[in-house]
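The values are calculated or read from the model by the stated rules, or taken from the named source; none is laboratory data. Please read all numbers here as calculations on a predicted model, not as lab measurements. Here the Cβ is made from the backbone with ideal geometry for all residues, glycine too, and neighbour counts use every protein chain on show.
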Amino acid sequence: MEDLEKQVVLLERRFSRERVARKEAEELLEQKSRELYEVNQLLRMENMRIRKLIQSLPVAMMLYDQRAIVAVNPSFKTLFGVSPEGYSVKETEDQLGLMLERHPDERVQHEIHAPDRERVTTVLVQYVPLIENHTPDALHETLMVAIDISDRIKNDEVQQYAAFQAGIAEMSASILHNIGNIITGMHGSLMHLGRIPPQIERLEKGVCKAVEQSQLSGESEQASQLQRSEQVMQATIKILSGLRGEEKMVQYLNKLELGIHHIGEIIQLQQKAARPDSHTVSFNFPSMLNDTLSLIQDRIEKYDIEVVRSLDPAIQRVEMPRNPMIQMVMNFIKNSMEAIGERLLEQYSHKGRIEISTHLDGEGNFVLTIADNGCGIAADRLEQIFNFGETNKERGSGYGLHSAANFVKSLRGELHALSDGENQGAAMVVTLPLSVSR
């Protein structure tokens, strides 16, 4: 009897513990259910928020699986003009002209030719698989994202056209700049030629006057008239010998002809600038230097500048664009003359000097150096002087050195300026290939 009572007590205790445990389990289950419900509500709210966000995005989106289009957002309909939700993948491919089943991995451009639009819309399409590793039997989804880039393309075209116009303006300014240099050199020749007709006119008047006086004079005046005629003849011989001794007329006419020819070459170069090939020719380098110096010889004489040439005899024929080379050398010499002129304003007794030298630099290159003893270049401007529009002259354009830098760069050469500072002179050092492939 006592054993039975003990067993009953033990069972009651066991049932009591199980009731407590079941109650705790029920409470825990209820707590977890509430937590799960709250998480589910949060997920629903987050899902709605994301869905609203996707619906409001200005980017076209389309979600599809192997069989059909699952969903599209309003921007897709706005961009493509259709809403293929629920359509088959094959049908949508044919309708939109897009690759959906075997889509590319990279971004692709696609043009939308809608009949109700005035112009073709260009979109950038990206395919994003939502599951990286697909199994053959699993249903997988892909998100297609399309962005309208028509405005971007239009802006790029506008910028490219603006850059093209800037390049044309820069080239035209460079052409005018260099033609101005040539015309300046031709002006001196015209001034010398202009002095010849007055001299001939004075000679003609003197001879005519002597002839008239000789015809009107009597026998008593013959001796004095002969003396005056002798003086007229001596003056005539002096003027004629002076005209012949200068070799003036031929020299000046040759300079004018050379200048006009070079202007024609520059204009032809501008006309050919739109072509992709460079106007490469084979020419004699020392002869090119002589032609360039002859164009501005009058200005060199005006400033009483000594020009010293130290040319490597191994550098004769080179192959490169000749006209831009002449323009570059002329710009360098012109800048050197202006630098010497600026120094002369402070030092009247200063003797101007320009040194032109060349030497081989190995590997088919040569170095051209044009140095002067002018006003020099400040250290902080040695790099800036090659920038577009950079100048410290009141009437400077800032095109010459920039044009030279572009020319050297186009030939894969090097150009840099050297100067020890104010009134220490300056040098332009150019490294160029002896032969430029066409």
Is it the case that some residue within segment 280-299 is outside any strand (DSSP E or B), within 28 Å of the chain's Cα centre (by Cα) and at pLDDT below 80? no
Which of the residues belonging to segment 72-89 are within 17 Å of V125 (Cα to Cα) and not in a loop (DSSP other than H, G, I, E, B)? V72, P74, S75, F76, K77, T78, L79, F80, V89
Residues in segment 105-149 that are of a type outside the set (K, R), at pLDDT below 85 and part of a loop (DSSP other than H, G, I, E, B): how many? 19
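Quick check on V39: is it part of a helix (DSSP H, G or I) and closer than 26 Å to L130 by Cβ?
It is true that V39 is part of a helix (DSSP H, G or I) and closer than 26 Å to L130 by Cβ.
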For segment 332-438, which strands (runs of 3 or more DSSP E) that fit wholly inside it have 2 or more residues that are modelled with pLDDT of 90 or more, surrounded by 13 or more Cβ atoms within 10 Å (Cβ to Cβ) and under 25 Å from the mean Cα position of the chain (by Cα)? 365-372, 414-418, 426-433
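So is R102 more than 23 Å from R67 (Cβ to Cβ) and either in a loop (DSSP other than H, G, I, E, B) or modelled with pLDDT under 90 (or both) or not?
In short, no.
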State whether one or more residues within segment 25-41 are of a type in the set (G, A, S) and in contact with a Leu (Cβ under 7 Å, 6 or more places away or on another chain). no
Looking only at segment 70-92, count every residue that is exposed (fewer than 14 other Cβ atoms within 10 Å of the Cβ) and under 17 Å from D148 (Cα atoms) and tell me the total. 1
Among the residues that make up segment 301-318, is at least one of them within 29 Å of the chain's Cα centre (by Cα) and not β-branched (V, I, T)? no
Among the residues of segment 324-360, write down those that are in contact with a helix residue (DSSP H, G or I) (Cβ under 8 Å, 6 or more places away or on another chain) and among the hydrophobic types (A, V, I, L, M, F, W, C). M325, I326, M328, V329, M330, F332, I333, M337, I354, I356
In segment 44-54, anything modelled with pLDDT under 75 and not charged (D, E, K, R) is listed as N47, I50, L53, I54
